[in-house]
Amino acid sequence: MKLPRALRLLAQLPNVRHASSGVSKPLATYTKHFEEITIPVPWGHVSGKWYGPKHVRPIVGMHGWQDNAGTFDTLAPLLPSHLSFLSIDAPGHGLSSWLPAGTSYHSIDLVLIIRRLMDDYNWDKISILGHSMSSINGFVFSALFPDKVDLFIGLDVLKPPIRSARSIVNGLTERLEGTLKLERRLKSGSEPPAYDWDQLVTRLHEGSNKSVSLDACKYLLQRNCKPSTHEPHKYYFSRDNRLKTSLFYTLHLDVALEMASRIKCPHLFIKALQAPYYEKKEYYDATLVELRKNPLFEFYEVEGSHHVHLNEPEKVAPIINSFINKYRPL
């Protein structure tokens, strides 16, 4: 069977090499068979990696902003073997279709993607494992559709961050102007800047505020870059540049607290201690107080960066597995 063009391009990527600086230790290599899948959506498709039997409803893994399904490459092999795991690329990320020209990305898109996924597979319930942006969206989905979630695991970002009124207004102005600028660039058809492999790794590492270790960058780059068509041995970031001007939730704390009060499913949240809170900690703490009213809520903290689940999956896997085995046992 002939591989799709996107997958043939992935096979051309070199092994990651890196300088010694910035890496504490080599990342252990975990492997597990998966199947590349595509899920139809009105503007194209959503791509994903399905681990395990197709007849078992999977836990759905959803990644952070500008990452992709590769964010769970090291964690997926450590998850309970009696369940399937489906790690998807959000629209504009990885191998998934970009949104049509003239549209903008918004956080709520992923909430609707979850519903589309459920409709496509005819699921009455869904189990969600979300990191960062998708941890936020799992929180929102679990509040809006509490009867449709049987298990929710959030990694590092608890909920939609609360911003000041001035920050919200200024941010919207900048992002809308940025959207028009990026549209003009895309209309020109020019290829994004290309880099040799080591430069690409370094840019991803530093662009994540060094949250993704140099050694772990390969897992994201496999679905996040393509060989340049006019500069031999160089690569460019292939995600939709319009993601840089995505529109995010602008909620009042009362809305976040109301959402927290509506989450009734088994809910696990794991905070990485070397990662920021992305908002005033008082808002985070107030939401934790509300979430703890749910007797099925569990909270843990682990040492590590925002991408600890990718860099050091062995730190979070035992916590996640214990939770999964409790609520979706063999």
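Before moving on, here are some points about what is shown:
- Hits in the range 201-238 (condition: farther than 16 Å from THR74 by Cβ and among the small types (Gly, Ala, Ser)): GLY207, SER228, SER238
- Some residue of the range 223-238 being in a loop (DSSP other than H, G, I, E, B), closer than 27 Å to ASP109 by Cα and open to solvent by 40 Å² or more (accessible area, probe 1.4 Å): no
- In the range 147-173, the residues that are under 19 Å from HIS106 (Cα atoms) and among the charged types (D, E, K, R) form Cβ pairs under 8 Å with partners that are modelled with pLDDT under 95 and open to solvent by less than 70 Å² (accessible area, probe 1.4 Å), at six or more places apart or across chains, as follows: ARG163/GLY171.
- Among the residues making up the range 64-119, those that are part of a helix (DSSP H, G or I), in contact (Cβ under 8 Å) with a residue 60 or more places away in the chain and either buried (at least 22 other Cβ atoms within 10 Å of the Cβ) or of a type in the set (A, V, I, L, M, F, W, C) (or both) are ALA69, GLY70, THR71, PHE72, LEU78, ILE108, ILE113, LEU117.
- Residue within the range 319-326 that is among the β-branched types (Val, Ile, Thr), open to solvent by 10 Å² or more (accessible area, probe 1.4 Å) and in contact with a helix residue (DSSP H, G or I) (Cβ under 7 Å, 6 or more places away or on another chain) present: no
- There is at least one residue in the range 259-275 that is assigned to a helix (DSSP H, G or I), closer than 21 Å to SER127 by Cα, in contact with a Phe, Trp or Tyr (Cβ under 9 Å, 6 or more places away or on another chain) and among the small types (Gly, Ala, Ser).
- Positions within the range 120-131 being open to solvent by 10 Å² or more (accessible area, probe 1.4 Å) and either in a helix (DSSP H, G or I) or closer than 16 Å to PRO160 by Cα (or both), in sequence order: ASP120, TYR121
- Evaluating THR38 against the criteria (1) buried (at least 19 other Cβ atoms within 10 Å of the Cβ); (2) among the hydroxyl-bearing types (Ser, Thr, Tyr); (3) over 25 Å from LEU180 (Cα atoms) leaves one unmet condition, (1).
- The range 162-180, residues that are open to solvent by less than 50 Å² (accessible area, probe 1.4 Å) and over 20 Å from TYR284 (Cβ atoms): GLY178, THR179
- Any chance SER134 is of a type in the set (Ser, Thr, Tyr), under 19 Å from TRP50 (Cβ atoms) and part of a loop (DSSP other than H, G, I, E, B): no
- Here the range 299-317 is the region considered, the condition is being of a type in the set (A, V, I, L, M) and within 15 Å of GLY130 (Cβ to Cβ), and the residue that is farthest from the chain's Cα centre (by Cα) is VAL316.
- Total residues in the range 137-155, condition assigned to a helix (DSSP H, G or I) and open to solvent by less than 10 Å² (accessible area, probe 1.4 Å): 7
- Subset of the range 252-274 that is hydrophobic (A, V, I, L, M, F, W, C) and surrounded by fewer than 19 Cβ atoms within 10 Å (Cβ to Cβ) - its residue that is farthest from VAL149 (Cα to Cα): LEU273
- Residue within the range 207-218 that is assigned to a helix (DSSP H, G or I) and among the aliphatic types (A, V, I, L, M) present: no
The values are calculated or read from the model by the stated rules, or taken from the named source; none is laboratory data. Small disclaimer: the values here were computed from a predicted structure and weren't measured. Note that we place each Cβ from the backbone using ideal geometry, even for glycine, and neighbour counts take in every protein chain shown. When the accessible area is computed, the model is the full protein with side chains, heavy atoms only, and any ligands, DNA or RNA have been set aside. Shrake-Rupley method; radii C 1.70, N 1.55, O 1.52, S 1.80 Å.
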